[in-house]
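As C-alpha cells, the structure follows; a few thoughts come after it.
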Amino acid sequence: MKLWGVRGSIACPTPRHIAFGGNTSCIEVRAGDERFILDAGTGIRELGDLLLESDIREAKLLLTHTHWDHICGFPFFGPFFREEWKFGVYAGHLTDSGGVRAALAGQMMRPMFPVPLEALRADVTFHDFPAGSVLEIGDVVVKTAKLNHPDGATGYRIEHGGKSLCYVTDTEHIPGEPDKNVLALIEGADMVIYDSTYTDEEFPAHVGWGHSTWQEGVRLCRAANVGTLVIFHHDPSHNDDFMSRVEEEAVAMWESAIVGREGMTFLL
C-alpha cells in the first residue's frame, strides 16, 4: 500500500505542508494480481504518471464518495486517456441519486471543466452498489460499510492472502457512541486508515461537517483489535508543526498509531 495523498478538504502545496504532504486523498493498493486505487484526489495525478511508465494495464478505482477533494484528480489521471488501459470505477453512495458515472461526468462538464468524460479513451466501466455489499474482485474480497457523512460515503475493507486493510474516510462519530458500522468493518484488521481531520478539542466546533478525530481513531482501533492505525485526511490548516505534535501525542496514546505522510509505503 502506498499513500499518494493524505490531505483532506483541499490541496495545500505550501512550504508549511512539505513533511506530511499537501495532496488530497489517494491510496494505491496491490493485492495479488489486482491493483486498487482508493479515491481520486490530487494525489492520483502523480500515481498516473508512474503507472504510464509501468507494464500495468488494469486497475479498480474505489471511491468513498464524490465530494471534490476526493475526485478532483480524476480528470488528470493519465491512464484514462490511453486506449490500452481498462478500469472499473466503484461507488456505494449513489445508487439512488443518479450513479457514479453521472457524478463524475458532472464535474467534467462545461463551464466547470473543458474536457468531457466522453474524452476518456480507456475502457472504463462504472459500478454502483449499496454500501454494505461484499464485492469479489478476482481473488480479492472487498467488504463495504456505510459511513456517516453528508451526501453519503463508503468505507472499504480489502482482504487477500490472510491480510486485511481498511479505508475509513470521510465519517463523523458521535462522542461516547462508537460507530457500529465502523467497528464491524475494521474488527481484527491488520491496518486501518481513518479519517482524523480534527482533534478531540477541535471537534465540537465542526459537528455536522462529516469528519472525525485521531483520538476517536485510536479508540475504535483499540476496541476492534486492529494491528495499526494510519491517521489520515489531515485538515489543511494543520501544517507540519501541528502534525508533528499530533504524531507525538498519538504515539504516546497508542504505540500502534502512525500519522500518514505522503509517499509512505507499507507491506502487510
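Mind checking the alpha-carbon convex hull of the range 2-259 and giving the volume per residue in Å³? Let's see the in-between values first.
Numbers: hull volume 32.9 nm³, N = 258.
So the per-residue Cα hull volume is 127 Å³.
Would you kindly state how much longer the chain becomes between Trp68 and Ser97 on full extension, computed as 0.36 nm times their sequence separation minus their alpha carbon distance, in nm to one decimal? Before the final figure, lay out each step's value.
Details: separation 29, 0.36 × 29 = 10.44 nm, distance 1.67 nm.
So the extension gain works out to 8.8 nm.
Among Val115, Val259, rank each residue by its count of other Cβ atoms within 10 Å, from fewest to most, as a rough exposure measure. Numbers along the way, then the final one.
Numbers: Val115 12, Val259 23.
Going from sparsest to densest Cβ surroundings: Val115, Val259.
Let me spell out the model: positive unit charges on the Cβ of Lys and Arg, negative unit charges on the Cβ of Asp and Glu, origin at the Cα centre of the chain. What dipole size does that give, in debye rounded to 20?
Details: 22 positive and 39 negative charges, 93 e Å.
About 440 debye.
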Report for the range 1-135 the percent antiparallel among DSSP-assigned beta bridges with both residues inside it, nearest 5.
35
What angle do you read, to the nearest 10 degrees and between 0 and 90, between the alpha-carbon axis of helix 43-52 and the longest principal axis of the chain?
50
Between Asp190 and Asp49, how many nm apart are label points set 7 Å from Cα along the C-beta direction?
3.0
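Provide the FRET efficiency to the nearest 0.05 for the Ala105-Glu201 pair, computing r from the beta carbons and using R0 = 45 Å. Display every interim value, and only then the final one.
Values: r = 40 Å, r/R0 = 0.90.
E between Ala105 and Glu201, to the nearest 0.05, is 0.65.
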Positive-end residue, the range 36-121 charge dipole about Cα centroid, Cβ charges, pick of Thr64, Gly48, Phe36
Thr64
How would you rank Val134, Val230, going from fewest to most other Cβ atoms within 10 Å of each one's own Cβ?
Val134, Val230
Rough spin-label spacing in nm, given labels placed 7 Å along Cα→Cβ, for Phe113 and Ser133
2.2
Taking loop as defined by DSSP and a crowding limit of 14 other beta carbons within 10 Å, which GluC sites (Glu not before Pro) in the range 192-268 fit?
Glu201, Glu202, Glu255
Once both axes come from the Cα atoms, what is the angle between helix 214-223 and the longest principal axis of the chain, in degrees from 0 to 90, rounded to 10?
80
So what's the back-of-envelope 222 nm ellipticity for the chain, counting only DSSP H runs of four-plus at -39500 (n - 2.57) apiece and dividing by all residues, rounded to 500?
-5500 deg cm²/dmol
In terms of modelled amide H atoms, which long-range or inter-chain residues lie less than 5 Å from the amide H of Phe126?
Val89
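What list do you get for Asp235, Asp240 if you sort them by fewest beta carbons within 10 Å? Present the calculation step by step, with values, prior to reporting the outcome.
Working: Asp235 20, Asp240 16.
Listing Asp235, Asp240 from fewest to most nearby Cβ atoms yields Asp240, Asp235.
Every number in this text was worked out from the coordinates using simple rules, so none of it is lab data. These numbers were taken from a predicted model, which means no experiment stands behind them. We place every Cβ from the backbone using ideal geometry, glycine too, and count neighbours over all the protein chains shown.
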